[in-house]
Structure formats: C-alpha cells, structure tokens
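Following: one structure in structure tokens, then a few remarks.
The values are calculated or read from the model by the stated rules, or taken from the named source; none is laboratory data. Worth saying up front: this structure is predicted, and the values here are computed from it rather than measured. Note: ideal-geometry Cβ built from the backbone for every residue, glycine included; neighbour counts use all protein chains shown. Remember, those area values only see protein heavy atoms, side chains included, never the ligands or the DNA or RNA. Shrake-Rupley method; radii C 1.70, N 1.55, O 1.52, S 1.80 Å.
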Amino acid sequence: MVSVEPAAAPAGDAADDSDAATVATEAAERWLAHAHFYRFHMSRLPRPYLSLDTSRMTALYFCVVGLDVLGALEAFVPEAERRALVDWIYALQVLDSENGGFRGGGWAGNARGERGSSPAHDADAPHLAMTYSALALLVTLGDDLGRVD
C-alpha cells in the first residue's frame, strides 16, 4: 500500500518537494484509474458480473455517481450519451397503475417505449432498489423527472 504521507524531511529540503510531487502523481493516477474503471463498467459487464444483469440499473448508478463524485462525469460521458442513458432509464419504467416503478434491466425481453411499458408477465415487475437507483441516476444526469409516471 502506498502511503499518502510524505516522508519527514527537514523544512526547505528538496526532498519535501519531491515527496509531495510523488504523492500528487500517485493520487492523480489513482483518480484516473477509478474514473476509467467506472467508465468501462458503464457499457459492459465483465464475466464475473454477468449475474448482475437484473440489477444493471444499480450497477450503472454506482458508475455514474462514482464519476460524479470524482468530478469526472462530464469529461468521461459526453452530453449525447448522458441523454441516451436518461432515455434508457425511462424505457425501463413500469407503467402499471398499481405497482409503478423501474425495472433493473432489460432481461425480461419486453419491448419498451420512450416512457416505459406495462409489465409483460408476473416476473416483469418494478423493484424498489432499482426504482431508487433509477431516480437517483436521473437526477445525477440532470433530468427534470418530467417523464416519471
């Protein structure tokens, strides 16, 4: 593990500047590695995570919010892609007068329109955690929630 505390050196020593620069470089490298990790996982689920397809909304939530916390969302995800993500989220909205909310992913195979769709079968139902993730994602992506039913 890399220590973030520079080694002690007498004040004014050239070692102070060198250690501080090393720490800053290591922090920047870790920031970039985290940003790339989140960005990569926004579009692909590696084999160990394929079982998360029904929770894809929450996986996307952690990636988008992670980039936002790093201050890297706008730099790593272009505006057009952010709008496409908003459309994808709304397409997973379940339009059901009794049990509205959001699906976790497209695994059920139900065709979805711009505003969502009715449940295709009993297993195609909204999920509380996915609904939270969807709403938090929409807000993080700058949506006004105008299409939430």
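Which one of these is buried (at least 16 other Cβ atoms within 10 Å of the Cβ), small (Gly, Ala, Ser), over 19 Å from residue 136 (Cβ atoms) and out of contact with any Lys or Arg (no Cβ under 7 Å at 6 or more places or on another chain): 35, 27?
Working: 27 fails: buried (at least 16 other Cβ atoms within 10 Å of the Cβ).
After applying the criteria, what remains is 35.
Which residue pairs have Cβ atoms under 9 Å apart, sit 6 or more places apart or on different chains, and have a first residue in segment 127-140 that is closer than 15 Å to residue 68 by Cα and a second that is open to solvent by 60 Å² or more (accessible area, probe 1.4 Å) and part of a helix (DSSP H, G or I)?
Sorted first by the residue in segment 127-140, then by its partner, the pairs are 133/62; 140/68.
If I filter segment 117-147 down to residues being assigned to a loop (DSSP other than H, G, I, E, B), open to solvent by 60 Å² or more (accessible area, probe 1.4 Å) and modelled with pLDDT of 90 or more, which single residue comes out as nearest to residue 76 (Cα to Cα)?
142
Take segment 93-103 and flag every residue that is in contact with a helix residue (DSSP H, G or I) (Cβ under 8 Å, 6 or more places away or on another chain) and either open to solvent by 10 Å² or more (accessible area, probe 1.4 Å) or closer than 16 Å to residue 139 by Cα (or both).
Here is the first cut: in segment 93-103, the residues in contact with a helix residue (DSSP H, G or I) (Cβ under 8 Å, 6 or more places away or on another chain) are 93, 101-103.
Answer for segment 93-103, where residues must be in contact with a helix residue (DSSP H, G or I) (Cβ under 8 Å, 6 or more places away or on another chain) and either open to solvent by 10 Å² or more (accessible area, probe 1.4 Å) or closer than 16 Å to residue 139 by Cα (or both): 93, 101, 102.
Could you give me the residue pairs with C-beta distances under 9 Å whose first residue belongs to segment 48-76 and is within 16 Å of residue 32 (Cα to Cα) and open to solvent by 80 Å² or more (accessible area, probe 1.4 Å), whose second residue is of a type in the set (A, V, I, L, M, F, W, C) and part of a helix (DSSP H, G or I) wherever it lies, and which are 6+ apart or on separate chains?
74/67; 75/35; 75/67
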